[in-house]
Amino acid sequence: MQQPPHIEPGEKLVLFDGVCRLCAGWSHFLLRHDTQEIFKLCTMQSKEGQAILAYFSLPLNNYETMIYVEDGLIYDRSTAFIKIVSQLPWPYRIGMILYGVPRVARDWLYDRIALNRYRLFGKYSTCLLPTEKYLSRFIHKENL
């Protein structure tokens, strides 16, 4: 299987909307609570993020979901969320119980939040830059 661009073999990548306040909050949460540094992060707006979206034939300018890439496979919406939290330390790992909820219901709820996230949480005018402490956690750090 061909590896997506900018992702090293074995890397687990969370691709998020860098101007969304909710998404930026999620990325900060991951940086703080992913103590084993399992995940790399990348904004969809970066050139690397755009290349990864294009590789998977996803829209390049209309971001409706967070994307999680593991072993060359892509996950989105509630499944991406559950796959990520299930790898975090306790108590966050408890989120894997959401697999017991039918995907249709999980994704319906995810979509209600995702499609209204700018109205509910706001939007930045530009992507936020990571602090020096977290530069190594981003795959596009050379552009920052």
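The values are calculated or read from the model by the stated rules, or taken from the named source; none is laboratory data. Just so it is clear, the structure is predicted and the values come from calculations on it, not from any experiment. Here Cβ is always computed from backbone atoms with ideal geometry, including for glycine, and neighbour counts include all displayed protein chains. Quick note on the areas: whole protein, heavy atoms, side chains included, nothing else; ligands and nucleic acids left out. Shrake-Rupley method; radii C 1.70, N 1.55, O 1.52, S 1.80 Å.
Values as computed for the structure displayed
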| read-out | value |
| --- | --- |
| Rounded to whole Hz, the Karplus (6.51, -1.76, 1.60) HN-Hα couplings of the range 117-133, x for glycine and proline | 4, 5, 5, 7, 10, x, 9, 7, 6, 9, 5, 6, 9, x, 6, 3, 4 |
| Tail fraction, Cα-Cα pairs, the range 53-144, threshold 18 Å, whole percent | 62 percent |
| C-alpha center-to-center spacing [the range 1-64, the range 84-144] in angstrom | 10 Å |
| Around residue 99: net Lys/Arg minus Asp/Glu count, Cβ-Cβ under 10 Å | +3 |
| Full-extension gain in nm, residue 93 to residue 37, via 0.36 nm per residue minus C-alpha separation | 18.7 nm |
| Kirkwood-based Rg to Rh ratio, the range 55-96, C-alpha trace | 1.06 |
| Surface accessible to a 1.4 Å probe, per residue, for the residues of the chain, Å² | 56 Å² |
| Long-range amide H partners of residue 138 with built H, under 5 Å | 41 |
| Value at 222 nm in deg cm²/dmol, rounded to 500, when DSSP H runs of n ≥ 4 in the chain each add -39,500 (n - 2.57) | -9500 deg cm²/dmol |
| Pair-distance profile P(r), taking every C-alpha pair of the range 1-106, with 5 angstrom steps and integer % | 2, 12, 23, 24, 21, 12, 4, 0 |
